[in-house]
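Working notes, beginning with the structure itself.
Derivation of every value follows stated rules applied to the coordinates shown; laboratory data play no part. Computed from a predicted structure; not experimentally measured. Virtual Cβ from ideal backbone geometry, glycine too; neighbours counted across all protein chains shown.
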């Protein structure tokens, strides 16, 4: 059975590839797995049928007949386990790649999301200036450590892995805010990810949804 | 080889089981795997030897001769894959358990941490009252969805799994703030986790470190 993802019918990012279905699409493209997409509206995401798949009313979900998954981390890991090319076969390499996946989602992303929310919702608040410094420090700390660790390597541990996919997807979402300007090797790392044909196919696919639904060219 | 975890030499939570080594200890106890602990000071966590294991200078790390892991999510997943009892063998059940692990770490925990930081660092700021409402909304939204999904079940998907372990560990850390009072079934879910003999052994082990290091009884 062809796997089915769910994705936003009306993506709030207007097709900039920032929604979390991009991570699953990218993994599917890296691994050469054909897939289908079922688009859901915000209202549908809160209905019982979708909540049965995704208890938090989010996208993406993944169904392949055998399994029903939610959380982009779980979907990417499942795909990387089932198909060759994104997870080393040796236990040591596999463990490192999975460690980087969790680091992307639980160490690097949360303070970046906190900063994103602040920039979106608190810019005009009287406390913005007083608060922004600490939020910036929290968001930059893991980036500095990641930058030092990556150095001038292409990828985090030898060949491109599911750990790189998840880390680059997290950084890709933050890069529009300029926070990567202070870390040229991280900016180059994201650019290397974006240059991969699989990333480009995934990006075009999600952009095509936005264009079709919005009627924008 | 006996696995080795790293943990705080001087736990900032004073042995309340809130540090992330608790998650790895709990998993090791559930699975009946003997382990050793290497204690590290805050200074040692930022030194090259530890950064080679943990690029972000955090605890825990896990070494078993074959693999070197970081991130509690990766450690718990590795243990659950290697030993029987916390990950269903069928693909569907396995996928659900892993989805819940990622949900704990990337959907439920980040807004709880944001709230924890606010309560710790912004209580005396002039903007606290104005800002607290939205932070509370963000932290409660996934808890409400989780509460509805759990209902009156003991665990998230049938038997206790690595997904429950990670979710309960995340909720356990937040429970001291009173946020679970509005969700009696989540409070009971955490209490069920705490009542497990493996949780208790893990808790006592990390408390013993604090007592020995601090000289407190």
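On full extension of the chain, what length is gained from residue A:185 through residue A:200, given 0.36 nm per residue of separation minus the C-alpha to C-alpha distance?
This chain segment gains 3.3 nm when fully extended.
Note down the relative contact order for segment A:41-106 as a percent, whole number, built from C-alpha pairs under 8 angstrom at least six residues apart. Provide the component values of the computation, followed by the final result.
Details: 45 pairs, mean separation 11.3, N = 66.
Once divided by the residue count of segment A:41-106, the mean separation gives 17 percent.
Using per-residue counts of other Cβ atoms within 10 Å, averaged over each peptide, order B:15-24, A:143-152 from highest down.
Ranking the peptides B:15-24, A:143-152 by packing returns B:15-24, A:143-152.
Can you grab the distance from the C-alpha centre of segment A:138-155 to the C-alpha centre of segment B:176-190, Å, no decimals?
37 Å
In nm, give the distance between the simple-model label positions of residue B:46 and residue A:159, each being 7 Å from the Cα along the Cα-to-Cβ direction.
Spacing of the two 7 Å Cα→Cβ label points: 3.8 nm.
Where Rh denotes the Kirkwood radius from the mean inverse Cα pair distance, what is Rg over Rh for the protein assembly as shown?
Taking Rg over the Kirkwood Rh, I get 0.94.
Between the label point of residue A:197 and that of the same position in each other copy, find the distances and list them shortest first in nm, with every label point placed 7 Å from Cα along the Cα-to-C-beta direction.
5.7
Just how far, in whole angstrom, is segment B:65-117 from segment A:91-107 if you go by their alpha carbon centroids?
Answer, in whole Å: 11.
If R0 is 45 Å, what FRET efficiency do you get for residue A:89 and residue A:137 from their C-beta distance, rounded to 0.05?
0.70
How far, in nm, would the chain grow between residue A:14 and residue A:208 when pulled straight, counting 0.36 nm per residue and subtracting the alpha carbon separation? Intermediate results must be reported in sequence, preceding the final value.
Values: separation 194, 0.36 × 194 = 69.84 nm, distance 1.04 nm.
Length gained, residue A:14 through residue A:208: 68.8 nm.
What is the ratio of the Cα radius of gyration of chain A to 2.2 N^0.38 Å, where N is its residue count, to two decimals?
With N residues counted in chain A, Rg over 2.2 N^0.38 Å equals 1.04.
Tell me what chain A gives for mean residue ellipticity at 222 nm when only DSSP H runs of n ≥ 4 count, each as -39,500 (n - 2.57), the sum divided by the residue total, rounded to 500 deg cm²/dmol. Mind dumping the intermediate values first?
Details: 10 runs with 123 residues, N = 217.
So the helix-based figure for chain A works out to -17500 deg cm²/dmol.
Quick one: Kirkwood hydrodynamic radius for segment A:91-196, alpha-carbon pairs, angstrom, one decimal?
Values: mean 1/r = 0.0697 Å⁻¹.
One decimal place: 14.4 Å for the Kirkwood radius.
Could you let me know the centre-to-centre spacing of segment B:40-60 and segment A:10-52, using Cα atoms, in angstrom?
When both Cα centres are located, 37 Å separates them.
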